[in-house]
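Readers should treat all values here as calculations from the given coordinates under stated rules, not as data from a laboratory. Everything numeric here is computed off the predicted structure, so don't read it as measured data. Here the Cβ positions follow ideal geometry from the backbone for every residue, glycine too, while neighbour counts run over all protein chains shown.
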Amino acid sequence: MTKNEQLTFPEGFLWGGATAANQIEGAFDQGGKGLSTSDFAQYKDNLSDGEDNFSFEVSAQEFDQLMASGGEGDGVYSKRWGIDFYRRYKDDIALFAEMGFTTFRMSISWARIFPTGLEDEPNEEGLAFYDKVFDELLAHGIEPLVTLSHYEPPAALTQEFNGWLSRDMIPRFLKFATTCFERYKDKVKYWITFNEMNMNLVSVYTGAGVLAERSDRPLREIAFQASHHQFLASALAVKASRYILPSDAMIGCMINRHQYYPVTTDPKDVWRSVKDDDINLFYSDVQVRGVYPGIIRRYLNEQEIRVEMEEEDDEILLEGTVDFVAFSYYMSHLSKDTPDADARTGHFVGTEKNPYLKLTEWGWPIDPVGLRISLNQMWDRYQIPLFPVENGLGANDVLEEDGHVHDQYRIDYLDSHLVQIHEAIKDGVEVMGYTWWGPIDLISCGTSQMSKRYGFIYVDQDNYGGGSLARIKKDSFDRYGEIIRSNGAALYR
Ligand code: BGP
């Protein structure tokens, strides 16, 4: 390898951005779409910017009221309007193309295709919408990377089955998955079955459409049971895809990766970090290897978490293993044998503060080297291609009087993470590509805020849906374009 080659990423490396239907599309009741669980998530204005309080749980009572009223309620349901991608997709895709994207990660709203999830026939208008989006992407030379389920099962399935707590979800999901495979097999080459299945351990409503109050089982058990059903559904969808999709298609799993370090060199803390990592990687372990790891079986036994399984399940899991591991990476954590009850900073899980790392305005530790470590560890563990499909910085961007957003902090974040991915590639890790989370400002998953902005493109909209929705390029827009066009070499200039 010449020195010059070392400055660029491998040929064919996929460059792009990632989104989810419920955070961008809007038009929640248009085109025959049914209500989805994410349509009930609320932005709460007692939540000040910079607070990482999550707004994605919905109580059984709220859920019932919203179902009974056909969705009418007094909340600020910002995911219902998203950023109006449903109508503005052409302009947005043109901007992605201007940056040089070669891939775009998006999800298909299940309730657009099967409004209640219970229909036998799909909603043609919903299918046609995604045809138009895929055609637009392909016309710009952008490969769609499609997540089938990104936190938004049809709400009617929660009402009918209590979501993924029930095994009855599996045939419903399979119908949705195979309908998409059949319809889009000539347009979509890269597929992901479920977004961040390990979200179930944090919010069973968001991850699995389950109202925990409706079950008398312990919360942890509900989460593992719902996950087991999703593992089966994912494996069966992977298996079905082998018969439907062309042989060069690839289908992957996707986890929310958290990198753990021991807080001290005390072997007990070190062991704790190994265990924390194992729980985090449990979700990719099952989908890559087709079996539950021993350490998780032991954990379930010791914690008396009873996951109902059937005899055929072992075989189903083995027959539906994935081609690649996609993951989101936002931060690392410190593991401590006996964690302090009140220590907490960062996304979704309690953690000690790492004195070497700066935090984002939302308290997420910024750790680019952790991404290299994660890539190396996962490569050692799986030896199949890896794909960081989410990584990004949520910030309170300011639209200056000169009409610009000068987001040097986002450029620094982008550059430093990409350099570490490049290091991992030079370490021998096979990395398929990189999709920045939220290339255009969108509604936050966790807090339903608009003001938590990730984009290279600013969207003129506030937390209540007010604003012109105009799209404005930030400084980072030019930087990402420059990096992509040079296939990474601009990182070293
Ligand atoms: C991931 C989700 C995304 C996304 C991102 C950022 O966990 O897959 O949907 O939104 O996190 O999180 P947030 O929007 O809460 O800042």
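Can you tell me the alpha carbon radius of gyration of the chain divided by the globular rule-of-thumb value 2.2 N^0.38 Å? Intermediate values should be presented prior to the final figure.
Details: Rg = 21.3 Å, N = 493, 2.2 N^0.38 = 23.2 Å.
Compared with the compact-globule rule of thumb, the chain sits at 0.92.
Stretching Thr179 away from Asn376 to a fully extended chain increases their span by 67.3 nm, per 0.36 nm per residue minus the current alpha-carbon distance. Look at where the Cα atoms of segment 22-40 and of segment 121-163 average out, and the two centres are 11 Å apart.
With 0.36 nm allotted per residue and the present C-alpha distance subtracted, the Arg220-Asp278 stretch has 19.2 nm of extension available.
Using a Förster radius of 22 Å, what is the FRET efficiency between Ala249 and Glu319 based on their Cβ-Cβ separation? Nearest 0.05, please. Please list the in-between numbers first.
Working: r = 17 Å, r/R0 = 0.78.
Working from the Cβ atoms, E equals 0.80.
Beta carbons within 10 angstrom, averaged per residue: use that to sort the peptides 60-70, 392-402, highest first. Provide the component values of the computation, followed by the final result.
Working: 60-70: 13.4, 392-402: 16.2.
Taking the mean over residues of other Cβ atoms within 10 Å, the ranking is 392-402, 60-70.
Show me the helices of the chain, taken as full DSSP H stretches, that run 15 Å or more along their long axis by Cα and average -0.5 or above in Kyte-Doolittle hydropathy. Each step should come with its number before you reach the end.
Details: long enough: 85-99 (21 Å, -0.44); 124-139 (22 Å, 0.11); 169-184 (22 Å, 0.14); 219-244 (37 Å, 0.29); 267-289 (30 Å, -0.82); 368-382 (21 Å, -0.42); 408-426 (27 Å, -0.45); 475-485 (16 Å, -0.93).
Span-like helices here: 85-99, 124-139, 169-184, 219-244, 368-382, 408-426.
For the chain, the Cβ-based charge dipole about the Cα centre amounts to some 860 debye (Lys, Arg positive; Asp, Glu negative; other atoms uncharged). Structure note, pairs Lys132/Lys185; Lys175/Lys239; Lys132/Lys189; Lys44/Lys452; Lys90/Lys185: Cα-Cα distances above 18 angstrom occur for Lys90/Lys185. Would you compute the Debye intensity of segment 17-157 from its alpha-carbon atoms alone, equal scatterers and no solvent, and pass along log10 I(q)/I(0) at q = 0.17 Å⁻¹ to two decimals? Computed log10 I(q)/I(0) values: -0.96. Per residue, the convex hull spanned by the alpha carbons of segment 185-327 comes to 128 Å³.
Considering only DSSP beta bridges with both partners in the chain, what is the antiparallel share in %, to the nearest 5? Spell out each step's value before the answer.
Numbers: 7 of 43 bridges.
About 15 percent, rounded to the nearest 5.
Rg and Dmax over the alpha-carbon atoms of segment 391-493 stand at 14.9, 48 Å.
Extent of segment 117-213 along its three principal axes (Cα atoms, max minus min coordinate, largest first): 47, 29, 17 Å. When DSSP beta bridges are restricted to pairs lying wholly in segment 231-381, around 10% turn out antiparallel. Remark: segment 267-416 projects, on average over all directions, an area of 12.3 nm² (convex hull of Cα atoms). Here the scattering of segment 256-317 is modelled by Debye summation over its C-alpha atoms, one equal scatterer each and no solvent; at q = 0.20, 0.22, 0.29, 0.30 Å⁻¹ the log10 of I(q)/I(0) is -0.87, -0.98, -1.23, -1.25. Mean separation of Cα pairs under 8 Å and 6 or more residues apart, divided by the residue count, gives the chain a relative contact order of 18 percent.
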